[in-house]
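What follows is one structure encoded as structure tokens, with my remarks underneath.
The values are calculated or read from the model by the stated rules, or taken from the named source; none is laboratory data. Predicted model only: the values in this text are computed from it and were never measured. Here the Cβ positions follow ideal geometry from the backbone for every residue, glycine too, while neighbour counts run over all protein chains shown. What goes into the accessible areas is simple: the full protein's heavy atoms, side chains included, and nothing from ligands, DNA or RNA. Shrake-Rupley method; radii C 1.70, N 1.55, O 1.52, S 1.80 Å.
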Amino acid sequence: MRRVLIILAVGVLALLPDVPASATAWGPLAPPNPFLGPAGTATMHGDAGSSDATPLAGPGPRATILGVYSLGSACPTILEGSDNLVVALCTAIVGRIPTVYLLDPAAPGPLPTPLAVLPLVKGSLLGGVYAYLDADDRLVVVDGENHMLRVRHERDSAGHWRLISEEFADLGAVIPIGDNVTGLVPDWSGNIWFATGRGTVGFVAPTRRITAVTLPAGEQVANSISAAASGRIAVATTHALYELRAGASGTPEILWRAAYDRGSARKPGQLSWGTGSTPTYFGPETGADYVVIVDNADERVQVLVFHSGTGRLVCAVPVLTAGGRGSENSPIAIGRSVFVASTYGYPYPALPDGSGPAVPSSAPFTGGMTRIDVVDAVCRPVWQNTVRSAAVPRLSIADGALYTVTRVGLDRTTLFDGHAFTVLDPDTGAVTASVPLPGTIVHDPLQTVPLITRSGRILQGTVTGILRVG
């Protein structure tokens, strides 16, 4: 991420033809988690189940670049509270210091400044990336010293905004030295679950009692974790998918483990040797009947859909056969549908410690997306395309559109590649609107997730800050 900070150009996004409303009635979403902030904006992936689907409408068929927060930081986690203020957790380019920003998405001008800034203690590259807003609009995050923090925002006596961090729990007693929390999510009972890079999974109870279990040696957790209203927690390691729950004794209990094909090595465009998925709950009945990941098989990767509660494999099917054979992204999943975007060959500027060599060492970023539907216990491919999505796509069930940022340029990828704000039809996979963004590497979204705000704006994290589209 040590790239020169370039002054961002600001212009107008005039999206191409009107985006037709989707013919599909998407849903259901799982019921809201009472310990999270507003639906669709409280976690990186939108909700506790990591659906990457939102009940909020995006900016629609025509939008403008309203401004850019030029922060000198990569911003993977952008959340909006009930007060319509945005809390972003970013990593500074210089020193890789995790930093919390308080932002007003409605601020005037093309280059607004943050309302408040709060640096946190540095940990691993993926440590502290996943955080969430609780029901009181506080950011719940674990810092580099494994302190679970709740960060609130308020005005001081002079009317200036400030961020205030309060320690909720010290996880040092259950997390080995040198390990850091990777995933974080509350369950429907108020337990705050966490998973570490080296495979410790546990929770902090409302009483602040901390309990944990250790997964088999050598299994790493490189993505976030997800929760369902049933009380189940999904955790994907570099070897297997797990479901856990809080047992009768008040400690984590493993319900089942399902190994998957992790391939023979880490692939280019992956951050670890294994699945790149945050496991996603979805389903046609409760919104969390199934849990899905994408494996890391050498040739053709597969979508794997498991039954929540039993771990029974419902179905599996090869995906991304028209594009790159690997995905670091969490799937979008809602109702019966799953959407997967390829990251194979994506040129990440930094990798986590211990990620190991990629085989091959590099590859073209050819892109590719696939939609599958689960019908009668069969995973049925619906469409495939070769869209080079450079962000985690987000599905709006309110306006029936898939939103992302695509990479524009040669397949071999260079620093001179551009990017485009792009809208797709989730029924067909066709691009319905795409306009190049000004600049080149400054708009690289690093495969992060856009936030759709309640006012219909999109905030997209980039390598240097946050792009505002509305």
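Please determine whether any residue of the stretch 360-368 is part of a strand (DSSP E or B) and open to solvent by 10 Å² or more (accessible area, probe 1.4 Å). Scanning the stretch 360-368 turns up no residue that is part of a strand (DSSP E or B) and open to solvent by 10 Å² or more (accessible area, probe 1.4 Å). Within the stretch 425-445, the residues that satisfy the criterion of being crowded, with 19+ Cβ neighbours inside 10 Å and in a loop (DSSP other than H, G, I, E, B) are D425, P426, G429, L437, G439, D444, P445. Set side by side, the residues T464, T422, T453 differ, and just one is without any contact (Cβ under 8 Å) to a residue 40 or more places away in the chain and open to solvent by less than 20 Å² (accessible area, probe 1.4 Å), which is T422. Taking each residue of the stretch 288-301 that is buried (at least 21 other Cβ atoms within 10 Å of the Cβ) and part of a strand (DSSP E or B) and looking for partners that are at pLDDT below 95 and among the hydrophobic types (A, V, I, L, M, F, W, C) with beta-carbon atoms closer than 6 Å, six or more apart or interchain, yields nothing.
Considering only residues in the stretch 238-250 that are part of a loop (DSSP other than H, G, I, E, B), open to solvent by 10 Å² or more (accessible area, probe 1.4 Å) and in contact with an Asp or Glu (Cβ under 9 Å, 6 or more places away or on another chain), the one that is farthest from A217 (Cα to Cα) turns out to be G247.
Each residue in the stretch 85-123 was checked for being surrounded by fewer than 18 Cβ atoms within 10 Å (Cβ to Cβ), in a loop (DSSP other than H, G, I, E, B) and not hydrophobic (A, V, I, L, M, F, W, C), and 7 of them qualify. The number of residues in the stretch 253-300 being of a type outside the set (V, I, T) and farther than 22 Å from A363 by Cβ comes to 16.
Evaluation of T386 against the conditions (1) surrounded by fewer than 18 Cβ atoms within 10 Å (Cβ to Cβ); (2) more than 23 Å from L271 (Cβ to Cβ) shows that the sole unmet condition is (2).
Might you let me know whether the stretch 251-268 holds any residue that is at pLDDT below 95 and open to solvent by less than 50 Å² (accessible area, probe 1.4 Å)? Scanning the stretch 251-268, I find no residue that is at pLDDT below 95 and open to solvent by less than 50 Å² (accessible area, probe 1.4 Å), so the answer is no.
Can you spot a residue in the stretch 227-234 that is closer than 24 Å to R300 by Cα and open to solvent by 10 Å² or more (accessible area, probe 1.4 Å)? No, the stretch 227-234 contains no residue that is closer than 24 Å to R300 by Cα and open to solvent by 10 Å² or more (accessible area, probe 1.4 Å). Residues in the stretch 155-182 that are within 26 Å of the chain's Cα centre (by Cα) and open to solvent by 80 Å² or more (accessible area, probe 1.4 Å): E167 only.
Being over 21 Å from the mean Cα position of the chain (by Cα) and open to solvent by 50 Å² or more (accessible area, probe 1.4 Å), is that true of even one residue in the stretch 196-205? The answer is no; no qualifying residue exists.
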